[in-house]
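Structure first, commentary second.
The values are calculated or read from the model by the stated rules, or taken from the named source; none is laboratory data. As the structure is a prediction and not an experimental result, all values here were calculated from the model. Neighbour counts run over all protein chains shown; Cβ positions are idealised from the backbone, glycine included. To get the accessible areas, we keep the full protein, side chains included, count just its heavy atoms, and leave off ligands, DNA and RNA. Shrake-Rupley method; radii C 1.70, N 1.55, O 1.52, S 1.80 Å.
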Amino acid sequence: MYQDNEDDYKFAACTYFAKNHPGETCGSNGLPLTPSSITILGLAQRLLTIEHPNLCTYLDIIRGKHERIIVVAEVVGKSLSDFKSKFTINEVVNIAHQVADALKFLHEQGITHRTLSDDNILVDGEGRVKLFNYGLYYMTGGGNEVSFPLGLPKYLSPETILNGGGPAADVWTFGIILLELCIGKLWQNLKPGPILRRILTLVHANNPAERMAREHDCYDAYKQLPENLRLVIEKCLKIYPRERATFSEIVDDLSQINTSEMAEVKQPRGLMGCKLQYLYHWWQLAGGDIQAELKKNGLIKNSPPILSMPIAILLDGCTIGGKTGALFDCRIAKYSLGLLKSRLSHISAHDYYPLMHERRKQYDAVSLPKIIRERDTEYQFYRLLWFQRLLHGYPYTAPYIRAEAEIDIPPLVRGDVWAALLGVVGDIEEQYERIDKETPTPTDRQIDVDIPRCHQYCWLLCGSAGHRTLKRLLKAWLLMNPQYVYWQGLDSLTAPFLYLNFCNEARAFACLSAFVPKFLHNFFLKDNSMVIKEYLAKFWQMTAFHEPELASHLHEINFVPELFAIPWFLTMFSHVFPLHKIVHLWDALLVEGPSLPLFMGVGILRQLRDTLLESGFNECILLFSDLPEIDIGECVKESIDMCRSSPRSISYRRFTNEARTKEPMDMVEIPMEMLFAEICPRISLSDFFSLICQDKSCVIDIRSNLLYEKSCIEGSINVPYSGVHLGQHELRALGLNPQRVLKEAMKVKKTIVVASAEDETAQLFSDYLVKCSVPRVCIFHGGISAVQTHLPSLFTTPAPPNKNGNK
Amino acid sequence: MDTETLPNVTKTFKYSFPTCTNEDVLFKLEVPVEIPHSGSTRELVQRVIKMFHIPVYLEDELNERLANFVAEETKTFHNERDEKLLNQLKNSELNVEGIVRNWEKLFKENVVDFAEQKGTPDEEVFAAAYHKLVHSPALETILQVENSYAKTVKDTLKNRDEDIKKLTDSQTEEMEEKMKLLHVDCTEEEINQLVSRHLEQQIVVAGRWGSTLDALAHTQRAQHRAWLMSTLDQYHDSSALTTPSNSPLGTFSPAVGAALGGPPAPLSMAPAAQGRMEESFTIHLGSQLKQTHNIRIVAMDLLDLCNVDPDNPTESSRRLQTSLSLYSSELSGVVLLSESPPSPRLAAAATGSTEYHFCDLDRQMRQIDEQVKEPAEDRNAARRGSQPAGHGGGSRKTLRAGDVVMTRHSNLGDVHVVFHLVVDDHSLKSGDITSRHPAILGLRNVLKAACSNDVTSISLPLLLRHELSEEMTGAWCARRAELVLKCVKGFVLEAAGAGGAELRTLHFALPPAIDARVFASLATLLPTIFRISNPLKFKAAG
């Protein structure tokens, strides 16, 4: 067991309920209103990225059941309100200086605190100050998304009480806190009403600070304060916001008064030196449960739902009776890292600092499925540290990142890794800034229609923040790619990048911009029919190559890929699967390259194989209209296997952005009409040559036996085309020897290469083989004559025993 | 909510730079900017540069100037508004008392620190106690006690019915005799007197029985609640000594034990369920992320879900399930259609035994009437205003078609919550209702309320009719079923986004008397509307 230690409390959670929408629940666009909790979730994402030494880092925003929001953030030390002893003037100035620093930073970011109080100013043992949950006002849209009032009565500025108040209200609150630190708590034991009345009467005072001190019988104490400090307080506590100092002035003033030097704290080593986000992530993986602790502290109370049932709902949606909203409780629950510490206690110190060129250890977990690895504390611990190291060195470490990403990608840094895999470099923020995302364009209408239908189950994407960003991304991309038009599906394609880079629009855009040319070159042309047709034809050939039985069945019932596979490839499956599956699919895609999607298509068909084989055309249409669950892990594994075991040239496409090869040995390009007619792909001479060298091919020569006997490719067998009955779909019909050779070849997964003198016979014979369910059939590009020209050394005269066997 | 959303203002950003030929002649640039500005000023600068072909060397300067401009204007925007407010306050132009009261109310009603200290409400204490006890070895005893109480009520009801019948019989007899003597021995006057006397007698008897029943329910309720609370105390005291012999299974009577151990499906249904037509499916909803739901189509009377027969031993397993989940977050509900709720048959089922947890149905309905009256009448008035006079003025009821009232029950067979959907029977008979029909919209509200109140299993009449009638032909049924199924599909998807509980099980009930062929055709309709999840196929290794 582990012991809880004061220092182990690294983060804390607080929770509240978002507002419920009353009555009618449709927005102006006819769609249901976004629940407040979703809006809060979207707004709060930005807070997760804010880092400042005097601000507690936000770690997580969780949306619970029934509009509950849970905010997880860093904590240190204890709050000002928990300090019982009085601070010395020096300490006060030091604290104030740091608080002002934090607030100055927030105001520069355009964030108003509004809820500053002695509860959420945390001070640690060394006098270091951090503000906790400073974003409540920001994430609730200025309090609009919650039903409770923000802030504590005594810290409200006069104009806030009058339902106004801008950023300058924080200055007032800061002044009150400073005054309290100097002369003690104000208005203790008073109820909100009287406090607010007193604050409002201050507007008639010339010097509100002095007046408050007098009211509390502390005038003498107040007068004894150093004059410069008093001046700061009075600058803050001006009635008119215009007259109040700004935080940058206050910071300047205080830094002159502040004499205490912050002791340089040594960065802790080992576990406590890791990024807080990582610690939180590992803690969750190790079984940390945010809700459990909140329940234990009574911050989540579950009253039985039957007791809070409404009593009636009118036709227009007006609900009568029922739940009265739970009260806002500003208490927090702290979490100890003890659990994680004990879980990782056996890890040696130098494992925290992996060296780049060290031989990597193998972890047992590698053999487990990806989903399990992603939940394994220790495995993620090693992976995250290692990836952190690699990403630190990007772009110089790009090859290492690629190699590691091939194994898996830790979910926490997936956005960074994807950007690295896509080769995103440079000042992407500035580039993105230069693009006009606001000016209306004719496609806006379509985009507006599509966005509220794009991956809306994802809470990030279904809020207004998500919608707005997605629209900006799409508009920016269209503007930067004038050769392309908006095809429906582009929204789905953008969604994964937005999901992973929610607060980093520029990077999402850079990723999308790098992704499209690599995987979907020319797919978004106004006339993309040829590109798509070629892609589908290739996909169909790959299906025949790896799944001949299925392919011939689908050919037979005339169920062509145009009927179902266009959204697959146009969106790289992002329209078909939920995000948590897409990320695994794309992890593989980004590593393996642009030919993998073809095989992923085959992988999906393979999973549906049994159903498809017994379905007719109509059942197939129905099946694909709403794709059944697919095991993505399995699909990815198989498609990678297929992709790697297929000769590169068979998946060759002309419409890519890769340079065209001039080398005749590598050429497989044929006119489009021919491509659409051929069921089996063509193999290039160089691929064939390497297959021969590895003894992974079986050549079937279908010329007449006269020509064959004259000279043939070494090791090939002769099945004269003229003697084949194309109607009989059985290998036996080919004769004993060819059947034996083919069976043998299929057993060891050799590639079957059909060699002929004419294209037409090669095509017909290869179709025949596919119908006989022979996998891995392909055609020589250029036929026998091409081999004779370029690889004459492969030719020989057939050996006599072979001849005897044939005769 | 405490900041008034003021309309944004538009300020003009002015900038000028010298022309290339003459230093003194300036190009003037004016850009209206909305304050507070929501986007990035740097992006705005880029747009301006592009649109007006501003020389790029001015970019940095523009960036700085515009940022300063926006910052300055935003500050002024806030300050001016606040200054106005403060001046109003100084000049006593504001209702300070009102503002302060408003804040007081907000703090008091919404924030724990300022709220009045309230203990846990009684019903929650009782709920917690009951929930704990039904998940303890005391469960069996509780059920037995409840069952025996229910039997008493049932016997009393039987006695009442017999008594009333006896009275009616004797009255009929007397009346018949008198009638024979009419115009012979007695006058019409006398007959009329007799009639009114009989009526009085009836009222007296019914009243007597009513008060007996009321008293019975009252004592039962008080006794039961007191007993439960004392049992809880005992349980607390003895909880340290939990021995295996104390375990729930060991102490169950054979009937309940069998119910727990045996296959749950056949036992969880009413005895009448033997041989009724039903078919179940597991479906996926959603285009990318799929949610799984169970749906069942069944020919049954929805009131069978409510009725309990205390004399039938197998009923205890139904009650067991209902009691266990009463205070859980997996409630089950039923949608009952009626022109004016509650339907008499439900009332009979609800008064068949004593309600220990909630108010009895009558009182619940009265409370609902009271609370619904005002908002509903406001609504009706508004509707009347918008509609041409004379149209639909006939109905004077507060509740209109499509409204839903909800009652809670602890003593029904399978359900905790009854959604009474007010319908217009006449319009539902018509063959062509649309998805905007009040009954359908009401259904939408029901499903949404179910989701947001943890009702995870719900039964509803698929054809929006409880009984068969002559116009309900096969084609009529198919059309209606298709409409309801498609709408429900949409509503379930929509409700899932609201962040409540998942509607795990949907029962679609058809009138019990439905023709087997019609049932079969409707059952085949289901897989065409919903995507049936593929059964998981395990392949033998190798």
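Side notes on the structure shown:
- For region B:123-251, the solvent-accessible area of protein heavy atoms averages 64 Å² per residue (probe radius 1.4 Å; ligands and nucleic acids excluded).
- For the residues of A:429-438, the average number of beta carbons from a partner chain within 10 Å of their own beta carbon is 4.
- Ranked by the mean number of other Cβ atoms within 10 Å of their residues, highest first, the peptides A:577-584, A:479-486, A:565-572 come out as A:565-572, A:577-584, A:479-486.
- The convex hull built on the alpha-carbon positions of the protein assembly as shown has an orientation-averaged projected area of 72.7 nm².
- Most to least accessible of A:Cys693, A:Cys454 (protein chains only, probe 1.4 Å): A:Cys693, A:Cys454
- At least 10 Å² of accessible area lost relative to the chain alone, listed for region A:185-201 with a 1.4 Å probe: A:Pro192, A:Gly193, A:Leu196, A:Arg197, A:Leu200
- Between B:Arg383 and B:His236, the simple label model (points 7 Å from Cα in the Cβ direction) yields a spacing of 5.0 nm.
- Packing-based ranking of A:183-191, B:477-485 yields B:477-485, A:183-191, ordered from highest to lowest mean Cβ neighbour count within 10 Å.
- The protein assembly as shown: calculated mean residue ellipticity at 222 nm from DSSP helix runs of at least 4, using -39500 (n - 2.57): -15000 deg cm²/dmol
- Beta bridge orientation in the protein assembly as shown: antiparallel %, DSSP, nearest 5: 60 percent
- Too-long pairs where the Cα-Cα distance tops 28 Å, listed order kept, from A:Lys301/B:Lys108; A:Lys437/B:Lys28; A:Lys185/B:Lys105; B:Lys397/B:Lys486: B:Lys397/B:Lys486
- Test item: B:319-328 mean partner chain Cβ contacts at 10 Å: 1
- Solvent-accessible area buried by B and A, counting both chains, probe 1.4 angstrom, square angstrom: 8000 Å²
- Relative to the longest principal axis of the Cα atoms of chain B, the long axis of helix B:122-134 lies at roughly 70 degrees.
- All Cα-Cα distances of region B:9-114, cut into 10 Å bins from zero to the largest, leave 12, 29, 20, 16, 13, 7, 2, 0 percent in each bin in turn.
- Pair-distance distribution of chain B: all C-alpha pairs, bin width 10 Å, starting at 0; shares per bin in whole percent are 3, 12, 17, 18, 16, 12, 9, 6, 3, 2, 1, 0, 0, 0.
- Where A:Leu791, B:Leu468 fall by accessible area, highest first, once all protein chains stay in place (1.4 Å): B:Leu468, A:Leu791
- Accessible surface of chain B [probe 1.4 Å, protein heavy atoms]: carbon and sulfur percent: 54 percent
- Accessible area of B:Leu331 (1.4 Å probe, protein heavy atoms only, ligands and nucleic acids ignored): about 0 Å².
- Average projection area in nm² (convex hull over Cα atoms of region A:428-519, one quarter of hull surface): 5.5 nm²
- Protection proxy ranking, highest mean first, for peptides A:228-235, A:298-305: A:228-235, A:298-305, where packing is the per-residue count of other beta-carbon atoms within 10 Å, averaged.
- Percent carbon-and-sulfur accessible area, chain A, ignoring ligands, DNA and RNA, probe 1.4 Å: 52 percent
- For chain B, the longest principal axis of the C-alpha atoms and the axis of helix B:59-90 are separated by about 60°.
- Going by accessible surface with a 1.4 Å probe and the largest first, B:Glu73, A:Glu534, B:Glu502 read B:Glu502, B:Glu73, A:Glu534.
- Heavy-atom accessible area, 1.4 Å probe, ligands and nucleic acids excluded: residues of region A:159-179 down by at least 50 Å² from chain alone: A:Leu162, A:Asn163
- In region A:672-806, the ratio of gyration radius to Kirkwood radius, Rg to Rh, stands at 0.92 when only Cα atoms are counted.
- For peptide A:621-628, the mean count of partner chain Cβ atoms within 10 Å of a residue's Cβ comes to 3.
- When the charge dipole of the protein assembly as shown is built from unit charges on Cβ atoms (+1 for Lys and Arg, -1 for Asp and Glu) and taken about the Cα centre, the candidate among A:Ala544, B:Phe107, B:Ser170 whose Cα reaches farthest toward its positive end is A:Ala544.
- Largest first, the extents of the alpha carbon coordinates of chain A on the three principal axes equal 122, 66, 51 Å.
- Beta bridges per DSSP with both ends in chain B, % antiparallel, nearest 5: 55 percent
- Shape metrics for region B:106-183, restricted to C-alpha atoms - Rg then Dmax, Å: 27.1, 83
- Axis angle, to the nearest 10 degrees, between helix B:188-238 and the longest C-alpha principal axis of chain B: 60 degrees.
- Summarising the strand pairing of chain A, around 70 percent of its internal DSSP beta bridges are antiparallel.
- Drop in accessible area of at least 10 Å² in the complex versus isolated chain, residues of region A:329-366, 1.4 Å probe: A:Asp329, A:Cys330
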